[in-house]
Amino acid sequence: MIHIISFILFLIYTIGIFFIKEYYILGIVALINFLLIIALKENIKNAFIAIIKIMPFIIFTSCINMLIGGVNHGLLIGIRLILVCNITYIFAKKMTSHKLQYVIETLLKPLKIIKINPREIGIIVCIGIAFIPIVQNAMMELKYSLKSKGFDFTIKNIIKRPNYILAPLITSIIKRTGDIENSLISRGYI
């Protein structure tokens, strides 16, 4: 039950961040995030590194919003994204994919009325979450492999020769998807 409550609070908190329009309230939210990191005994350095890793996406999104809605709007979007990514990092450290599967199954039990199996949806979410690091590792392996063969990872080369990246990446993902499918079949999920 505690996992369900924490998931619902997480959703309310993250959605609520996007309705805040005042910088000082966003500062209070940042302080709450910082206090949560300390209270939950998470590594502050790792939380900061996680934000730095997605900073190009945040900057890109902020710049697009600055062009569309003005500088103030773009800054608000950037700050909101940083705060949401930070709280998501904290939540992900405390909620395993199996706990999340249980929460989703529990919250979607009313769908049984229309003959939708919430267990299958929970399994799909669990697989999706588990698949993210698999894709990251496949991409890193591919990057190192291509670099050792002399491929230069510039945007120009990636756009000019997408088949160098996409074909091996898709092949690797399909192979790993087959492995996951066989594992699920052997455990009786499918």
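Applying the selection to the range 92-130, what residues are farther than 26 Å from Ile44 by Cα and either outside any helix (DSSP H, G or I) or aromatic (Phe, Trp, Tyr) (or both)? Before you say what the answer is, go through the steps one by one.
Within the range 92-130, the first condition is being farther than 26 Å from Ile44 by Cα, and the residues that meet it are 101-128.
Tyr102, Leu108, Lys115, Ile116, Asn117 - these are the residues of the range 92-130 that are farther than 26 Å from Ile44 by Cα and either outside any helix (DSSP H, G or I) or aromatic (Phe, Trp, Tyr) (or both).
Go over the candidates Ile104, Ile127, Ile90 one by one and state the one that is under 19 Å from Gly16 (Cβ atoms) and either out of contact with any Asp or Glu (no Cβ under 6 Å at 6 or more places or on another chain) or hydrophobic (A, V, I, L, M, F, W, C) (or both). Please lay out each step first, then the result.
Details: Ile104 fails: under 19 Å from Gly16 (Cβ atoms); Ile127 fails: under 19 Å from Gly16 (Cβ atoms).
The unique qualifying residue is Ile90.
If the requirement is being modelled with pLDDT of 80 or more and either more than 30 Å from Val29 (Cα to Cα) or in a helix (DSSP H, G or I) (or both), which of these qualifies: Tyr89, Tyr189? Show your work before the answer.
Values: Tyr189 fails: modelled with pLDDT of 80 or more.
Selected residue: Tyr89, the only one of Tyr89, Tyr189 that is modelled with pLDDT of 80 or more and either more than 30 Å from Val29 (Cα to Cα) or in a helix (DSSP H, G or I) (or both).
Being more than 19 Å from Phe131 (Cβ to Cβ) and surrounded by fewer than 17 Cβ atoms within 10 Å (Cβ to Cβ) narrows it down to one of Gly69, Gly74, so name that one.
Details: Gly74 fails: surrounded by fewer than 17 Cβ atoms within 10 Å (Cβ to Cβ).
The conditions single out Gly69.
What do you reckon, is Gly188 farther than 26 Å from Arg119 by Cβ and surrounded by fewer than 10 Cβ atoms within 10 Å (Cβ to Cβ)? Step through it out loud before you land on a result.
Details: farther than 26 Å from Arg119 by Cβ: no; surrounded by fewer than 10 Cβ atoms within 10 Å (Cβ to Cβ): yes.
Against the criterion (farther than 26 Å from Arg119 by Cβ and surrounded by fewer than 10 Cβ atoms within 10 Å (Cβ to Cβ)), Gly188 does not qualify.
Can you tell me which residue in the range 38-51 is nearest to Ile90 (Cα to Cα), limited to those that are assigned to a helix (DSSP H, G or I) and touching a Lys or Arg at 6+ places or on another chain (Cβ under 9 Å)? Explain how you work it out, then say what you get.
Let us first name the residues in the range 38-51 that are assigned to a helix (DSSP H, G or I), namely 38-39, 44-51.
If we keep only those that are touching a Lys or Arg at 6+ places or on another chain (Cβ under 9 Å) too, we end up with 46-47.
On the way: Asn46: 10, Ala47: 8 Å.
Per the criteria, the residue is Ala47.
Which one is nearest to Ile25 (Cα to Cα) among residues in the range 69-78 that are aliphatic (A, V, I, L, M) and modelled with pLDDT of 90 or more?
Let us first name the residues in the range 69-78 that are aliphatic (A, V, I, L, M), namely 71, 75-77.
Next cut, modelled with pLDDT of 90 or more only: 75-77.
Details: Leu75: 14, Leu76: 11, Ile77: 14 Å.
Restricting to residues being aliphatic (A, V, I, L, M) and modelled with pLDDT of 90 or more, the top hit is Leu76.
Which of the residues belonging to the range 151-190 are polar (S, T, N, Q) and in contact with a Phe, Trp or Tyr (Cβ under 9 Å, 6 or more places away or on another chain)? Give the derivation first.
Within the range 151-190, the first condition is being polar (S, T, N, Q), and the residues that meet it are 154, 157, 163, 171-172, 177, 182-183, 186.
The answer is Asn157, Thr177, Ser183.
Mind counting the residues in the range 100-133 that are assigned by TED's automatic domain parsing to the domain that holds Arg176 and under 30 Å from Leu169 (Cβ atoms)?
Count: 14.
When you scan the range 95-126, how many residues do you find that are among the basic types (Lys, Arg) and either surrounded by 14 or more Cβ atoms within 10 Å (Cβ to Cβ) or in contact with a strand residue (DSSP E or B) (Cβ under 6 Å, 6 or more places away or on another chain) (or both)?
Our first condition is that a residue be among the basic types (Lys, Arg); within the range 95-126, this holds for 99, 109, 112, 115, 119.
Next, only the ones that are either surrounded by 14 or more Cβ atoms within 10 Å (Cβ to Cβ) or in contact with a strand residue (DSSP E or B) (Cβ under 6 Å, 6 or more places away or on another chain) (or both) stay: 99, 119.
Total satisfying the criteria: 2.
Looking at the range 147-162 only, could you name the residues that are part of a helix (DSSP H, G or I) and either closer than 30 Å to Lys99 by Cα or within 26 Å of the chain's Cα centre (by Cα) (or both)? Steps first, please.
Applying the first criterion (part of a helix (DSSP H, G or I)) to the range 147-162 yields 147-148, 155-160.
If the condition is that a residue be part of a helix (DSSP H, G or I) and either closer than 30 Å to Lys99 by Cα or within 26 Å of the chain's Cα centre (by Cα) (or both), then Ile155, Ile158, Ile159 are the ones that fit.
The values are calculated or read from the model by the stated rules, or taken from the named source; none is laboratory data. Keep in mind the model is a prediction, meaning the values are calculated, not measured. Cβ coordinates were reconstructed from backbone atoms using ideal geometry, including for glycine residues, and neighbour counts include every protein chain displayed.
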